Each structure stands twice: as C-alpha cells, then as structure tokens.
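Working notes, structure below.
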Amino acid sequence: MQSLIDEQKNWQKICAAEDYEHPDFKAVLQDVFGRAAAYHRKQWEFVVIYLNLLKAGKINPDATGASFGAGREPLIYLIAERVKQFTATDLYRFNTGWTTAKVDKNLTCRDFVLELAGEDFPREKLDVQDMDMRDLAFADNSLDFCSSSCAFEHIGDFEDFVSHLKEVKRVLKKDGVYVMTTEHLFCHPTIKTKGNYKFSLDYLASVFAAADFFPATTLDEHLESSKLNQVKPELGALDGFNEEVINLFPGIILSKFGVPYTSSCFVFRNDQQQPFELPENRSSEQAELCQHQISKNIQAIYADYKTLNPTAKLNKNSRSVMNDHLEYLVSNHEDHFELMPIEKGHFTFTELIYLADYAFSFQVLIDLFQSAKLRFKLIRAEQLKPTSRSVVESKILQLDGSSRLQFNHQAEPGYVYALAIATAEGKEVPLKSIQVQCKVHS
Ligand SMILES: C[S@@+](CC[C@H](N)C(=O)[O-])C[C@H]1O[C@@H](n2cnc3c(N)ncnc32)[C@H](O)[C@@H]1O
C-alpha cells in the first residue's frame, strides 16, 4: 500500500475506536500489518505511526529512517523492508527491566531483533543499535524520518524529554519527520513518575517549546460516543485476573487508580515553524464522561462481594506498577519506579483499589488451625501516589477457627484503598484459608 485515500485526514490525534473504521486505517491494518482489528491502543499506535509516515511520503525506497526505544516492535520489519535503510535503536541490554529490549548474553542486539524477522525479510536493510534516545549517534541532518512508540514517557524527566527532542531535531533532514506516540490524559495534570510519565497537553507543550521543536499545530482530541470508546474496567485487584487475562478484553481507553488515559500521536517536522497550539476552550466534558464511566464500572464490578487477590502487594517482584505493560519485567525495576516496600509480618495485602465516592466494605473470611493474634489494617493512599500509604483503621483481634470480619468505610475520590493483615506477634500464621472481598454500596 503506497497511497492514501484521504490526504486531508489529521492523524495527529488521540486514539479513538472510530479510527478503525477509516478506510486508510483499515487498509494499512490489513495490507501492511496483515492483522484483524484488536481495538488495542498499542495496535492503534503502530498503524497510526505508519499512516503518518506514509502521509509524509517517507515510506519509499530512497528514504533512511530510525526508531527509538524500538525493542522488537512490528513496525521495525514492516518499515525496513519498504525503505532504503532503517535503524532500530533501544537500550538493548541483558540486564534491562524491559523484556522488549532484554538481549540474551550470547546474542548481539541485531541477532535479538532479527529473531522476529520473517524468512524473506531483507536483512541488509536493517541496522540495530544500542542507543540512548537522549543522545543519538546519528550525524546531523542524516535521517528522512524517525519514530517512537510508547518510549518517550519512559526516558526520565523534563530535561530528558527536551534532550531527546533536541537530538531528533538535530539528526533529521530539513524536511524530515518524527512521528511519536505517547500517553494522553484527559484534562488531568501530568503524572510525574520517573520512568513512567503520563503527560498533560500543557506539559508536552512546554517540553516542545523548551526543545524548540514542534509538532503540527492541531491535535484532534475528538472521541465519538461509542461503547468501544468507554473506559476499560480496572480488574487488576480481583483474584484470578492477572494481566494476561485482563489483556484478553479489548479497550483503548484505560484507567489506572481511576485516572483515565489513552494514546496520542504527534507528528514533528523540522520545517514546522509554528509553535504547537493548545486546543482552545478545551472542555472537561470528556474527562467528566470518563469519570462517570469509571464510577459505573466500579459499581458494576463491586455490586456484590468480589474476591480480591489477597497477596497482590506482598511481593514487590510479583506485581508490576504498570498493568497496561505486559512486556514489563518487574524483577529489576528499582531504578525506574517508586518502590512499595511491604512491612514484615504481612500475609495479606490487597491491591490498592479506586472506589470513587462509594461507601464500601472489605470482608475477610479467615480460617485458622489454631488461635492467633492478628492485626487488620485498612490502608489508604493518594490516588496516584501508592507510596503515600497511611492506615485509616487498625484492629488487633485474637481469632481461632473460622471468622468473618467486615471493615466499612466511605471512599473519597482522591484516594485508593487496600486491606492488609499481619501477625500481631511476629509469629508464623496458622492459616488454613483466607479470602478478602470488596463491595460498594450505592
Ligand atoms: C513500553 S516499551 C516500548 C517498546 C516498543 N517501542 C514497543 O512498542 O513494543 C519502552 C521501551 O523504551 C526503551 N527505553 C527506555 N528508556 C530508554 C532510553 N533512554 N533510550 C532508549 N530506549 C529507552 C525501553 O528499553 C523499552 O524497550
């Protein structure tokens, strides 16, 4: 597929289900990717990056390009075979926390990326380099195009974002194009977790200005009213719902601790002189709609008691702080993410759950082989700062045999809640079985 049907379509936009109905999107998904519609924001990102490069005339046999934080994304192979030369770059290391870039000790990064190439893939067109996207090893004015998918938000803080964009501006030719996807918040301030930012548009605009490198002026933020544009329920706290199960459900608007987000795509041109404009009179209507849906989701999920994973927060290596990133290995993420150390003695610690403004109950069904003194704690944390935990209610109880206990509370929208249980005597727990459940009252 070399030409577009709709040259006027603005593909600098947020992810929306209706994009899947656009003839150019459909054609690229089918003819280039050979895939069925998954209504998944990552799939959307790859297709829209490709569409933007096609629209800019950069998918051609004379073009030279690169991608940053590329891992082994499908775009590498699809673009490389259609251009003159393509370089995939990432911090390809054997000890990285990202499975996307985790190279076996006995492999070169090129071999690692080529492992996923098809049999007929023209290998000579692909170079692979271990390269930090804040410090690019390309000559000035040397690339016709470059791209990155879901990598920009993972490289650090403000200065790192600016360094990256300045570098891209330097290595692109005068008429070069950079297509980048990142995460989009709905009228919400930037979430500044180093290594895992989620940006407000205002913040991004300030990064663009500091780098003196601008995307096209208009970002299309429109979302049609559709079931597929509704916020995907947060199910990570429930027992049996691991990330693989959750990812079986389609959904392009996600939420984390009750904060909705999706993907957006920006198209930078080196010859773009006009600063990026924040859309005027941006309404908070979408944000309100998302909040309304999140509230409805909570009510639907927790209308009756639902069993929670009782050990979700116990082992810091067993849970990712990024439900939306299946590819993230948690084993050595310490230098990227805020840690959530668990105090000694705990044998139950549920996920922190966003419960909007509902009154809720945690119910504990516990069965002990013999008498034990246990400490039950209702924990609360600020919605986006899981490390800000404090104890709302604490009870020490001497229990024997089977017991049913309830903890009732009124949720506040800015907070998330969990239930933790520890031994009060620092001894082993004579535990036969434990179930922790949650229910909201409407
Ligand atoms: C969410 S993954 C995305 C990978 C790939 N683009 C994809 O969509 O499958 C983020 C990637 O950014 C890479 N990354 C993080 N910091 C980086 C940096 N400073 N320079 C280059 N790559 C980086 C990680 O190694 C990881 O492969």
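All Cα-Cα distances of region 59-145, cut into 5 Å bins from zero to the largest, leave 3, 15, 27, 24, 19, 9, 3, 0 percent in each bin in turn.
If you run the Gaussian network model on the chain, springs between alpha carbon atoms under 10 Å, then out of S163, S284, S67 the most flexible one is S284. Simple spin-label estimate for D157 and E81 gives 4.4 nm between the two label positions (7 Å along the Cα-to-Cβ direction from each Cα). Surface composition of the chain: carbon and sulfur atoms hold 48% of the protein heavy-atom accessible area at a 1.4 Å probe.
Estimate the FRET efficiency between F121 and K26 by the formula 1/(1 + (r/R0)^6), using the beta-carbon distance for r and 25 Å for R0, to the nearest 0.05. Efficiency for this residue pair is about 0.55.
Helix-only arithmetic for the chain: the sum of -39500 (n - 2.57) across DSSP H runs with n ≥ 4, divided by the residue total, places the mean residue ellipticity at 222 nm at -5000 deg cm²/dmol. When a/c is below 1.5 the answer is rounded, else prolate if a/b is larger than b/c, else oblate, so apply that to region 155-227 with a ≥ b ≥ c taken from the square roots of the Cα gyration tensor eigenvalues. In terms of gyration-tensor shape, oblate. In this rough spin-label picture, where each label sits 7 Å from Cα along the Cβ direction, the L314-D111 distance is 4.0 nm. Note on K395: lysines with a C-alpha under 30 Å away, same-chain residues under 8 apart excluded, are K256, K306, K313, K316, K344, K373, K377, K385, K427, K432, K439.
Restricting attention to the chain, close to 70% of DSSP beta bridges with both partner residues there are antiparallel. Dipole check for the chain: with +1 at the C-beta of Lys and Arg, -1 at the C-beta of Asp and Glu, and the Cα centre as origin, the magnitude is about 1300 Debye. If a spin label sat at a point 7 angstrom from the Cα of E425 along the line to its beta carbon, the backbone N atoms of region 359-380 nearer than 15 Å would be those of 368-375. The accessible-area ordering, largest first, of the residues F138, F249, F161 stands as F249, F138, F161, per a 1.4 angstrom probe. Surface analysis of the chain yields an accessible area of 44 Å² per residue, using protein heavy atoms and a 1.4 Å probe.
Pairs of Lys residues in region 10-150, spaced 8 or more positions apart or belonging to different chains, with C-alpha separations under 28 angstrom: 22 in total. For region 138-195, the extents of the C-alpha atoms along the principal axes are 36, 20, 15 Å, listed from largest to smallest.
Taking 12 Å as the straight-line reach from the Cα of K173, the aspartates and glutamates in range (excluding those fewer than 8 positions away in the same chain) are D140, D144, D271. Between S226 and N60, the contour length at 0.36 nm per residue exceeds the Cα-Cα span by 56.2 nm.
Projected onto the charge dipole of the chain (+1 at Lys/Arg Cβ, -1 at Asp/Glu Cβ, origin at the Cα centre), which of N408, G57, H22 gives the Cα projection farthest towards the positive end? In the chain, that residue is N408.
Shape verdict for region 90-183, please, from the Cα gyration tensor: rounded (a/c under 1.5), prolate (a/b greater than b/c) or oblate. Oblate, because a/c is 1.5 or more while a/b does not exceed b/c.
Placing a pseudo-label 7 Å from each Cα along the Cα-to-Cβ vector at S361 and R170 gives an inter-label distance of 6.3 nm. When the charge dipole of the chain is built from unit charges on Cβ atoms (+1 for Lys and Arg, -1 for Asp and Glu) and taken about the Cα centre, the candidate among A381, P215, F249 whose Cα reaches farthest toward its positive end is A381.
One quarter of the convex hull surface built on the alpha carbon atoms of the chain amounts to 22.4 nm², the projected area averaged over directions. Think of the chain as having a plus end and a minus end, set by charges on the Cβ of Lys, Arg, Asp and Glu; of T87, N229, W98, W98 sits farthest toward the positive end of this dipole.
The values are calculated or read from the model by the stated rules, or taken from the named source; none is laboratory data. Everything numeric here is computed off the predicted structure, so don't read it as measured data. Here the Cβ is made from the backbone with ideal geometry for all residues, glycine too, and neighbour counts use every protein chain on show. The area values use the complete protein model at the heavy-atom level, side chains included, leaving out ligands, DNA and RNA. Shrake-Rupley method; radii C 1.70, N 1.55, O 1.52, S 1.80 Å.
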